[in-house]
1. When both residues are 6+ apart or on different chains and their Cβ atoms are under 6 Å apart, which pairs have a first residue that lies in segment 187-204 and is at pLDDT below 90, and a second that is among the aliphatic types (A, V, I, L, M) and not in a loop (DSSP other than H, G, I, E, B)?
2. Conditions first: (1) modelled with pLDDT of 95 or more; (2) closer than 22 Å to residue 316 by Cα; (3) not small (Gly, Ala, Ser). Residue 132 passes all but one, so which condition is the exception?
3. Does any residue of segment 103-124 turn out to be closer than 15 Å to residue 348 by Cα, at pLDDT 95 or above and touching a Ser or Thr at 6+ places or on another chain (Cβ under 7 Å)?
4. Kindly establish whether residue 29 is at pLDDT below 90, among the polar types (S, T, N, Q) and crowded, with 22+ Cβ neighbours inside 10 Å.
5. How do the strands (runs of 3 or more DSSP E) wholly within segment 28-105 filter down when requiring 1 or more residues that are on the phi < 0 side of the Ramachandran plot and touching a Pro at 6+ places or on another chain (Cβ under 8 Å): which remain?
6. If we keep just the residues of segment 306-322 that are β-branched (Val, Ile, Thr) and closer than 25 Å to residue 343 by Cβ, which is nearest to the chain's Cα centre (by Cα)?
7. Restricting attention to segment 266-305, and to residues there that are surrounded by 21 or more Cβ atoms within 10 Å (Cβ to Cβ) and over 18 Å from the mean Cα position of the chain (by Cα), which single residue is farthest from residue 249 (Cα to Cα)?
8. Does residue 409 fit the bill of being out of contact with any Cys (no Cβ under 8 Å at 6 or more places or on another chain) and crowded, with 21+ Cβ neighbours inside 10 Å?
Amino acid sequence: MAKRRSLLSATVVVLLVLFACAFTASVSTAQEVPGRYIVMLRDEVPSVHDAVFHLAARFGIPVTNIYERAIKGFSIANVPPAFAAALARHPLVALVEPDLRVEAVDQTLPTGVNRIEADLNPVAQGSPVDADIAILDTGVGPHVDLNVVTWVNCTGASPYDLNGHGTHVAGIAAAVNNGFGVVGVAPGARVWSVKVLYDDGSGYLSDVIEGVDYVTGKADQIEVANMSLAGQGVSTAFRQAIQNSVAAGVVYVAAAGNSKQDVYGRDGKFGTSDDWIPAAYPEVCTVSAMVDTDGKEGGKGSSTSYGKDDTIASFSNYSRSVVAGNPVTSPGKAIDVAAPGVNIYSTYLNNGYAYLSGTSMAAPHVAGAAALWFAAKGRDVNGDGQVNDSDAYWVRQQIINNGQAQKDWRPPVNRWKPNNPANDPDGNLEPLVYLKIAPTP
């Protein structure tokens, strides 16, 4: 999430309510949108369109989104709470939960690409990289330094990026190696612009779920999806959509968040209303941000307002524990890896370039790394003859296993804490995504 106005202003803020049953009245929050709801249908419903038509006619409600792939369901607007409660009791309906307001988090070799040695990776050197990355954001481009192959609009606004956040994220992951501008981690990889936020950087969770639904339907082509957005709460629909998309073989990479908190919230417990999502989900690759100012290890670069060179950024969320059954193992617990996220230079509006900071900028470094693994090994990366969530988790584990340990980032900042050289706030030292040696063709 890019940091602009405050620690939260450059994040996608999603506050969600956990329902004890299909529909319950809840305490109103700033993010909850009156009259808008997300509806999940029961799994046994044979035709989503037939069910939606029947329910819309039965209750006289306007439908804003339809989901058929990641989950079965739809979203509605301008509906009184009593209608939503009645809809929740219908035998075709599994769940009704409030829709929520969301907001954007916020050929020079960029320091971040240089720091993780992406420019030295043999797969990246064979650009354009043969892989596909979906950017679920404010849209992407058009931009001369990006290979955007598809523009998908889940918001009803312009399909292009009029905010800048999504274009910046895309350039970090995949800017073309063409002799001008910047170069990305996976140069020239095919970018799918999936616009889920409006031009002012805000939007609805229902649109984000539609973006996940779209990616799931294109899972035979899209290997990686980047979500540089975060919020607090619980959503059955959102998590199930991501679970089903990962089951189709897509690696989801998420920003940890910019609030200096545990990704499981202040209570440190997964599945409660203060979770930062999707970062808290075990199905996604969660990325923290580190400071790098010179593109080199050693801690010799200049310091910033977010910390010294080669340390964890002061705004970054972290992880004190990890839920049982997490599909990968990282020293960072629920954080897979760290990546550069301070003063990152990348593509921006009007074919331009800009510097932004935040875990939003860290995440696409890892999305690009995941794309390199797929380009090197093919879609069935683990070679078991199937494309499913085991491939997604295999890629995540390889990124962790090949990362650079924090002890190799720099000398200890505090000589009294020699085992925590990079000032990691939780003491669980996730490695830096690192591509100098692996993957190889």
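The values are calculated or read from the model by the stated rules, or taken from the named source; none is laboratory data. Predicted model only: the values in this text are computed from it and were never measured. No Cβ is skipped: glycine too gets one built from the backbone with ideal geometry, and neighbour counts run over all protein chains shown.
1. Close Cβ pairs satisfying both conditions: 203/102.
2. (2)
3. Within segment 103-124, not a single residue is closer than 15 Å to residue 348 by Cα, at pLDDT 95 or above and touching a Ser or Thr at 6+ places or on another chain (Cβ under 7 Å).
4. Values: at pLDDT below 90: yes; among the polar types (S, T, N, Q): yes; crowded, with 22+ Cβ neighbours inside 10 Å: no.
Judged against the criteria, residue 29 is not a match.
5. Numbers: elements: 32-41, 63-67, 73-76, 93-103.
By residue number, 32-41, 73-76.
6. In the first step, residues of segment 306-322 are kept if they are β-branched (Val, Ile, Thr); the result is 311-312, 322.
Right, trim to closer than 25 Å to residue 343 by Cβ and you get 311-312.
Working: 311: 22, 312: 19 Å.
Looking at the filtered set, the residue picked out is 312.
7. Let us first name the residues in segment 266-305 that are surrounded by 21 or more Cβ atoms within 10 Å (Cβ to Cβ), namely 275-281, 283-292, 299.
Still in the running and over 18 Å from the mean Cα position of the chain (by Cα): 291-292, 299.
Numbers: 291: 31, 292: 32, 299: 37 Å.
The extreme case among them is 299.
8. Working: out of contact with any Cys (no Cβ under 8 Å at 6 or more places or on another chain): yes; crowded, with 21+ Cβ neighbours inside 10 Å: yes.
Yes; evaluated as a whole, the condition is true for this residue.
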